[in-house]
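The structure appears below as structure tokens.
The values are calculated or read from the model by the stated rules, or taken from the named source; none is laboratory data. Note that this is a predicted model, so its numbers are computed, not measured. Cβ: placed from backbone, ideal geometry, glycine included. Neighbour counts: every protein chain shown. Surface areas here come from the heavy atoms of the whole protein model, side chains and all, with no ligands, DNA or RNA. Shrake-Rupley method; radii C 1.70, N 1.55, O 1.52, S 1.80 Å.
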Amino acid sequence: MSAELLDGKAIANEIKQELGKEVAKFIEDTSVVPCLAAVLVGEDPASQVYVRNKQRACERVGIDSQLHRLPAETTQAELLDLVDQLNASSEVHGILVQLPLPGHIDATKVLDAIDPAKDVDAFHPDNVGRIAQGRPRFLPCTPHGVQQILHRSNIPVSGQHVVVVGRSDIVGKPLAMMLVQRDSTLGSAAANATVTVCHSRSKELSSITREADILVAAVGQPKLITADMVKPGAAVIDVGINRTDEGLVGDVDFDDVREVAGHLTPVPGGVGPLTIAMLLRNTLTAAATQNDAR
Ligand code: GUN
């Protein structure tokens with residue numbers, strides 16, 4: 001058997017088309033143009049590519065974007081000053097501080113300083129708490145992208161055993177919280193999962209992953225997930241983006257797992273494009289909420 005590939009790029013394009021129409025209507029109704037401010041500190045090549053892709057995507061759907069590039073030597077106080085300015089700016093609706101930040105900066109302090117109403121990454125504890133309680137202000141971009149891929153590929157989540165490998169604050173933990181809820185923005189069929197979260201200390205990892213109806217790999221280890229770790233017919237979602245000598249490689253051994261899985265996302269072209277689409281969604285939500293509050 002060869003898995004059906006889930007085309008994240010096509011799904012993201014579909015979402016961006018929908019968003020383009022919503023943005024145009026919002027601008028027509030309010031005369032407000034949603035605006036995302038991205039902050040990039042230092043010269044990390046991968047971060048530069050990500051930020052450029054995010055800006056291009058904004059442009060495509062009619063969202064304004066600002067790029068604030070700061071040198072790697074920027075102090076924490078200087079970065080916090082910029083965040084304060086962006087928090088106060090009525091032109092800016094969403095703020096994204098690209099991670100990783102240089103080692104001398106405390107990323108938690110900086111992320112906590114972002115106004116929760118402009119926190120389009122949904123990293124602020126206020127927003128994380130809301131997700132945990134099932135009343136989100138914003139959905140975190142990559143977990144929401146995973147949920148959208150499953151939903152739009154007609155892969156039911158309700159009642160299924162989802163195994164998430166990875167417990168990061170960006171993907172593993174929020175995804176687990178979202179999928180275990182009774183309901184979601186995509187309806188109850190896209191939630192209500194039985195969720196297991198595995199990590200580097202999990203014993204017998206492959207015996208757990210083999211139980212998964214839906215297996216999500218989000219650890220940042222190239223080709224960690226091999227065919228023997230996958231239940232035949234399972235949906236396998238690869239969140240990993242690892243730069244290796246072979247080029248971009250996911251956390252899933254694609255050629256191996258393709259022979260057992262029922263559905264599989266490629267890398268690149270799987271979850272990545274969805275992350276950006278969901279960031280655009282959050283920027284529009286932020287603009288709408290801030291406009292309503294005026
Ligand atoms: N770096 C890698 N992924 C992300 C993300 O989702 N948001 C931000 N701000 N930085 C990242």
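Which condition number does residue 294 fail, the rest of (1) at pLDDT below 95; (2) not in a loop (DSSP other than H, G, I, E, B) being met? All conditions are met except number (2). Scanning the range 3-59 for residues that are outside any helix (DSSP H, G or I), of a type outside the set (Asp, Glu), away from the ligand (no atom under 13 Å from the Cβ) and more than 17 Å from the chain's Cα centre (by Cα) returns 3, 5, 31, 32, 33, 34, 35.
Kindly indicate whether residue 122 is hydrophobic (A, V, I, L, M, F, W, C) and away from the ligand (no atom under 16 Å from the Cβ).
It is false that residue 122 is hydrophobic (A, V, I, L, M, F, W, C) and away from the ligand (no atom under 16 Å from the Cβ).
Pairing residues of the range 188-201 that are farther than 17 Å from residue 213 by Cβ with residues that are open to solvent by less than 40 Å² (accessible area, probe 1.4 Å) and assigned to a strand (DSSP E or B), at Cβ distances under 9 Å and at least 6 apart in sequence or on separate chains, gives 199/165. When 207, 168 are screened for being of a type in the set (S, T, N, Q), part of a loop (DSSP other than H, G, I, E, B) and either touching a residue at least 24 places away in the same chain (Cβ under 8 Å) or farther than 17 Å from residue 275 by Cα (or both), only 168 passes.
Screening the range 132-151 for residues that are within 26 Å of residue 208 (Cα to Cα) and out of contact with any Leu (no Cβ under 7 Å at 6 or more places or on another chain) and picking the one that is nearest to the ligand (Cβ to nearest atom) gives 142. For the range 255-292, a residue qualifies if it is free of Cβ contacts under 8 Å to residues at least 40 places away in the same chain and surrounded by fewer than 21 Cβ atoms within 10 Å (Cβ to Cβ), and the qualifying residues are 255, 256, 268, 292.
Residue by residue, here is whether (1) among the acidic types (Asp, Glu); (2) surrounded by fewer than 20 Cβ atoms within 10 Å (Cβ to Cβ); (3) in contact (Cβ under 8 Å) with a residue 40 or more places away in the chain holds:
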{"position": "147", "(1), (2), (3)": "no, no, yes"}
{"position": "154", "(1), (2), (3)": "no, yes, no"}
{"position": "162", "(1), (2), (3)": "no, no, yes"}
{"position": "176", "(1), (2), (3)": "no, no, no"}
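Can you tell me which residue within the range 93-119, out of those that are open to solvent by less than 20 Å² (accessible area, probe 1.4 Å) and part of a helix (DSSP H, G or I), is farthest from the ligand (Cβ to nearest atom)? By that ranking, first place goes to 118. When the range 66-92 is limited to residues that are within 18 Å of residue 283 (Cα to Cα) and within 14 Å of the ligand (Cβ to nearest atom), the one that is surrounded by the fewest Cβ atoms within 10 Å (Cβ to Cβ) turns out to be 67. Residues of the range 126-145 being open to solvent by 40 Å² or more (accessible area, probe 1.4 Å), in contact with a helix residue (DSSP H, G or I) (Cβ under 8 Å, 6 or more places away or on another chain) and assigned to a helix (DSSP H, G or I), which ones? Matches in the range 126-145: 126, 128, 132. Screening residue 1 on (1) closer than 30 Å to residue 259 by Cα; (2) surrounded by 14 or more Cβ atoms within 10 Å (Cβ to Cβ) shows it passes everything except condition (2). Residue by residue through the range 35-61, note down the ones that are touching a helix residue (DSSP H, G or I) at 6+ places or on another chain (Cβ under 8 Å) and basic (Lys, Arg). 54, 60 - these are the residues of the range 35-61 that are touching a helix residue (DSSP H, G or I) at 6+ places or on another chain (Cβ under 8 Å) and basic (Lys, Arg).
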